[in-house]
Amino acid sequence: MLLDHLAMPVGLADPDHQDYARQYNADFVGRWDELIDWDKRAAGEGHFFTDMLLTAGACRVFDVSTGSGFHAVKLHEAGFVVAACDGSPTMVERAQANLARRKIKLPVYHSDWADLDRLQRKHRLEPFDAVLCLGSSLCHIFDREQRIEVLRRFRGLLKPGGMLLIDQRNFEAIRAGHFTSSGQYYYCGKTAKVSIGAVHASLCEFVYSFADGAQYRLKVYPILPAQLRSELSIAGFSVQGSFGDFKRVYDPMHTDFIIHQAIA
């Protein structure tokens with residue numbers, strides 16, 4: 001499945017690309033915490049998210065792509081009132097296990113973003129001060145209009161003036177041939193490495209290779225920063241700015257992740 005970088009775009013209807021939940025199979029998710037290394041990741045990002053939330057006066061936070069629960073746990077420990085969800089049932093199970101092991105109680109819902117309105121009504125969720133969509137999760141949505149609708153749903157979760165923090169892989173650099181995965185900020189585990197398979201205008205394939213020979217692949221849509229800013233504006237957000245690897249000033253060709261800040 002390791003494709004040539006000049007391969008023609010594959011049809012967006014391909015279920016292997018669209019079905020993100022299937023890509024996060026039980027074996028891969030079982031090694032997710034090994035991949036990210038919670039302690040090293042916490043050291044790499046420092047107090048970035050807590051500082052951003054405190055500066056914004058946020059108290060109630062919704063982590064809409066919680067994965068194995070790293071940020072939900074860290075924000076809870078920092079004193080925020082946190083709720084979380086993920087569309088992958090295996091990730092929800094992993095997050096719940098991580099919370100239970102730490103004796104932390106907070107709601108973790110299994111919900112696709114298309115069902116956020118229903119989730120909000122069912123659990124009578126009051127508007128949040130901030131929504132976090134991290135882990136380059138939005139790139140699992142290949143269709144532009146669907147992404148804009150999801151961003152509108154994120155906005156619907158927020159109080160007026162609430163803050164959205166959303167990160168993405170640096171797809172502009174990746175498409176220009178400058179992929180980096182420093183291991184300092186995101187995937188910090190020493191037993192795995194991240195490389196690139198296929199790359200073109202409508203697909204980016206990440207390959208996760210572990211020291212014991214296990215290998216997993218994620219296929220996503222490579223959203224460019226300007227594209228995301230445009231979609232945020234269309235969804236009704238005021239785009240405030242961006243950070244590269246948690247820094248306000250960064251080299252756009254030598255940055256792993258870009259974090260976007262927007263206000264509802």
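Quick check on my filter: what residues within segment 144-166 are touching a helix residue (DSSP H, G or I) at 6+ places or on another chain (Cβ under 9 Å) and not in a helix (DSSP H, G or I)?
162, 163, 164, 165, 166
What number goes with the only condition from (1) touching a residue at least 40 places away in the same chain (Cβ under 8 Å); (2) touching a Leu at 6+ places or on another chain (Cβ under 9 Å); (3) farther than 26 Å from residue 239 by Cβ; (4) in a loop (DSSP other than H, G, I, E, B) that residue 190 does not pass?
The one condition residue 190 does not meet is (2).
Report every pair of residues separated by at least 6 positions or lying on different chains whose Cβ atoms are under 8 Å apart, first residue within segment 235-257 and touching a residue at least 24 places away in the same chain (Cβ under 8 Å) and closer than 15 Å to residue 224 by Cα, second surrounded by 20 or more Cβ atoms within 10 Å (Cβ to Cβ) and of a type in the set (Lys, Arg).
So the pair list comes out as 256/169; 257/169.
Could you tell me which residue of segment 204-261 is nearest to residue 174 (Cα to Cα), considering only residues that are surrounded by fewer than 19 Cβ atoms within 10 Å (Cβ to Cβ), among the β-branched types (Val, Ile, Thr) and in contact with a strand residue (DSSP E or B) (Cβ under 7 Å, 6 or more places away or on another chain)?
Only one residue tops the list, namely 207.
When segment 197-226 is examined, which residues are found to be free of Cβ contacts under 8 Å to residues at least 60 places away in the same chain and more than 18 Å from residue 32 (Cα to Cα)?
224, 225, 226
All but one of (1) touching a residue at least 40 places away in the same chain (Cβ under 8 Å); (2) under 24 Å from residue 111 (Cβ atoms); (3) not charged (D, E, K, R) hold for residue 97, so report the exception by its number.
(1)
Can you name every one of the helices (runs of 4 or more DSSP H) wholly within segment 1-106 that holds 1 or more residues which are at pLDDT below 95 and surrounded by 14 or more Cβ atoms within 10 Å (Cβ to Cβ)?
Helices (runs of 4 or more DSSP H) meeting the threshold: 15-18, 20-23, 26-30, 32-36, 38-45.
Please count how many residues of segment 152-178 are in contact with a Cys (Cβ under 9 Å, 6 or more places away or on another chain) and either among the polar types (S, T, N, Q) or farther than 30 Å from residue 120 by Cα (or both).
Going through segment 152-178 one residue at a time, the tally reaches 4.
For segment 198-264, which fully contained strands (runs of 3 or more DSSP E) count at least 3 residues that are under 20 Å from residue 185 (Cα atoms)?
By residue number, 203-210, 238-244, 257-263.
The values are calculated or read from the model by the stated rules, or taken from the named source; none is laboratory data. Note that the coordinates shown come from a computational prediction; the quantities given were computed from them, not determined experimentally. Note that each Cβ is placed from the backbone with ideal geometry, even for glycine, and that neighbours are counted across all protein chains shown.
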